[in-house]
Amino acid sequence: MYDVVVVGGGASGMMAAIAAARTGARVVVLEKNKELGAKLQISGGGRCNILNAEYDLPILLSHYTSAAKSLYPTFSIFSVAETVDFFRDIGIEIVVEERKRAFPSTHRATDVCAALVRELDRLGVEVRLGVEVRELQMGDTSESTPQIIAGVKVRGEKDLIQGKRYILATGGLSHPETGSTGDGFEFLRVLGHTVHTPTPGLVPLRSSTTWVHALSGQSIEGAKMTWRVDGQVVKVVKNTPGEFQNRILCTHTGLSGPTILHQASAVREWLEEGEVVLELDLYPNTDHGALDRQVLEKFNAAPNKQLGNILSDIYPGRLLEMLIISTDLTRLDTPVHSVPKDARKRIVGMLKALPITITGLMGYDKAVVANGGLELSQIDMRTMRSKVMTNLSITGDLLDIERPSGGYSLQLCWTTGYVAGVSAAGK
């Protein structure tokens with residue numbers, strides 16, 4: 001019999017196994033993939049935004065919104081400073097970039113995963129790959145009060161895998177291609193836990209606006225965003241230099257980038273109320289009249305040039321070119337001196353109030369994280385142990401905790417994994 005059985009070999013599962021094994025516990029990790037850390041290896045676009053280097057605990061926890069108070073005892077045990085020390089100890093140096101986003105110095109997520117795997121091996125943790133868990137079997141409820149897990153059933157094996165304590169670290173629903181298919185949520189429901197239905201959280205948006213698709217890969221920087229539902233303003237996000245709110249990425253299906261990901265949950269609700277339009281002011285610090293004069297000055301400075309050749313001087317990139325083509329406003333080969341006044345006025349109008357129709361959200365395959373999960377009141381956050389099954393701990397993306405991008409999701413994995421591992425080992 002093992003001291004600790006960890007179901008799931010992702011970020012929080014590996015951290016839990018390491019933390020338990022460092023106390024001398026006999027630990028096994030059960031992973032259905034052929035390798036550990038599949039999702040970790042693609043995190044941060046392959047760079048691995050390993051944590052957010054916010055050392056002030058109240059400020060750090062404020063980013064977890066409604067879960068901040070619940071997480072205080074957990075993060076009081078293992079937070080940012082401890083995480084940085086942990087990774088330095090296993091050979092991963094961390095560098096901090098803008099908005100306190102932290103990465104491994106090599107900027108390779110695979111290096112982080114490899115370091116964790118090496119530590120598991122050094123500690124003698126047994127790792128069983130390609131093992132699909134079918135059930136966490138309850139003990140005999142007539143004899144065990146409160147309830148406990150008696151063992152783990154694995155596909156193709158007759159005997160139960162048994163341990164004194166169990167850690168469920170199967171991940172949520174984002175990036176299902178990495179094996180995060182929501183198995184853990186069903187396990188928890190069967191065991192009597194309350195699970196809030198997961199939805200894609202930080203996720204790109206779909207748009208029917210064709211010029212957006214044509215600009216796939218181009219960013220729009222510094223715009224003020226006005227969200228409208230059936231024409232009525234519901235939210236305004238002003239341009240704040242140096243923060244994530246002012247960068248939008250055009251894709252072949254719609255919009256992405258930090259600012260869009262962080263609006264996704266609200267957009268989901270607005271779409272249930274009516275037509276959602278994102279209106280961009282590309283020159284938020286210049287009023288309409290002043291911008292018209294600036295554009296006219298550009299026209300007067302090069303009257304014989306073709307319109308298409310000066311558009312990037314008015315706004316960088318190919319955005320205006322695509323707008324003019326999609327609206328059939330005028331020909332791009334028109335000499336600037338022949339561009340009608342009303343066409344110039346419409347160009348200025350688009351720069352000040354550019355509408356983008358939002359039709360939906362992308363799915364779990366594009367989500368950075370998925371909202372929803374285990375009701376936090378059913379967890380002892382000092383130990384990550386279930387209040388329903390006393391020898392079961394739950395970690396990471398299985399918890400109903402909303403968080404932004406920027407390192408907060410992985411930090412949640414490191415913290416809950418560490419606390420669960422130490423607690424499960426009886427320390």
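The values are calculated or read from the model by the stated rules, or taken from the named source; none is laboratory data. For clarity, every value in this text was computed on a predicted model and none was experimentally measured. Positions of Cβ are generated from backbone atoms using ideal geometry, with glycine treated the same way; all protein chains shown enter the neighbour counts.
Output the number of residues of segment 318-350 satisfying the condition of being farther than 16 Å from Leu280 by Cβ and part of a helix (DSSP H, G or I).
Total meeting the criteria: 11.
Can you tell me how many residues within segment 299-337 are on the phi < 0 side of the Ramachandran plot, among the charged types (D, E, K, R) and within 39 Å of the chain's Cα centre (by Cα)?
Count: 3.
Could you go through segment 48-60 and let me know if any residue there is part of a helix (DSSP H, G or I), surrounded by fewer than 21 Cβ atoms within 10 Å (Cβ to Cβ) and free of Cβ contacts under 8 Å to residues at least 12 places away in the same chain.
Let us first name the residues in segment 48-60 that are part of a helix (DSSP H, G or I), namely 57-60.
Narrowing the set further to residues that are surrounded by fewer than 21 Cβ atoms within 10 Å (Cβ to Cβ) leaves 57-59.
Filter once more, so that each one left must be free of Cβ contacts under 8 Å to residues at least 12 places away in the same chain: 58-59.
Yes, there is a match, as at least one residue in segment 48-60 is part of a helix (DSSP H, G or I), surrounded by fewer than 21 Cβ atoms within 10 Å (Cβ to Cβ) and free of Cβ contacts under 8 Å to residues at least 12 places away in the same chain.
Look through Glu97, Glu126 and report the one residue that is assigned by TED's automatic domain parsing to the domain that holds Glu402, at pLDDT below 95 and of a type in the set (D, E, K, R).
Residue meeting the stated conditions: Glu97.
From Phe86, Phe103, Phe75, which residue is touching a Gly at 6+ places or on another chain (Cβ under 9 Å) and among the aromatic types (Phe, Trp, Tyr)?
Only one candidate passes the filter, namely Phe103.
Among the residues of segment 259-289, which ones are surrounded by fewer than 16 Cβ atoms within 10 Å (Cβ to Cβ), modelled with pLDDT of 90 or more and in contact with a strand residue (DSSP E or B) (Cβ under 8 Å, 6 or more places away or on another chain)?
Correct list: Glu275, Pro284.
Of the residues Gly44, Gly124, which single one is in contact (Cβ under 8 Å) with a residue 60 or more places away in the chain and surrounded by 14 or more Cβ atoms within 10 Å (Cβ to Cβ)? Let's see the steps before the verdict.
On the way: Gly124 fails: surrounded by 14 or more Cβ atoms within 10 Å (Cβ to Cβ).
From the options Gly44, Gly124, the qualifying one is Gly44.
Out of segment 385-398, which residues are surrounded by 24 or more Cβ atoms within 10 Å (Cβ to Cβ) and either in a loop (DSSP other than H, G, I, E, B) or free of Cβ contacts under 8 Å to residues at least 40 places away in the same chain (or both)?
Result: Thr395, single match.
I want to confirm something. Restricting to segment 101-110 and keeping residues that are in contact with a strand residue (DSSP E or B) (Cβ under 9 Å, 6 or more places away or on another chain) and surrounded by fewer than 16 Cβ atoms within 10 Å (Cβ to Cβ), which single residue is nearest to Asn33 (Cα to Cα)?
The qualifying residue nearest to Asn33 (Cα to Cα) is His107.
Here is a list: Val195, Val212, Val190. Which entry is surrounded by 17 or more Cβ atoms within 10 Å (Cβ to Cβ), out of contact with any Cys (no Cβ under 9 Å at 6 or more places or on another chain) and hydrophobic (A, V, I, L, M, F, W, C)? I'd like the intermediate steps shown before the answer.
Numbers: Val212 fails: out of contact with any Cys (no Cβ under 9 Å at 6 or more places or on another chain); Val190 fails: surrounded by 17 or more Cβ atoms within 10 Å (Cβ to Cβ).
Result of the check over Val195, Val212, Val190: Val195.
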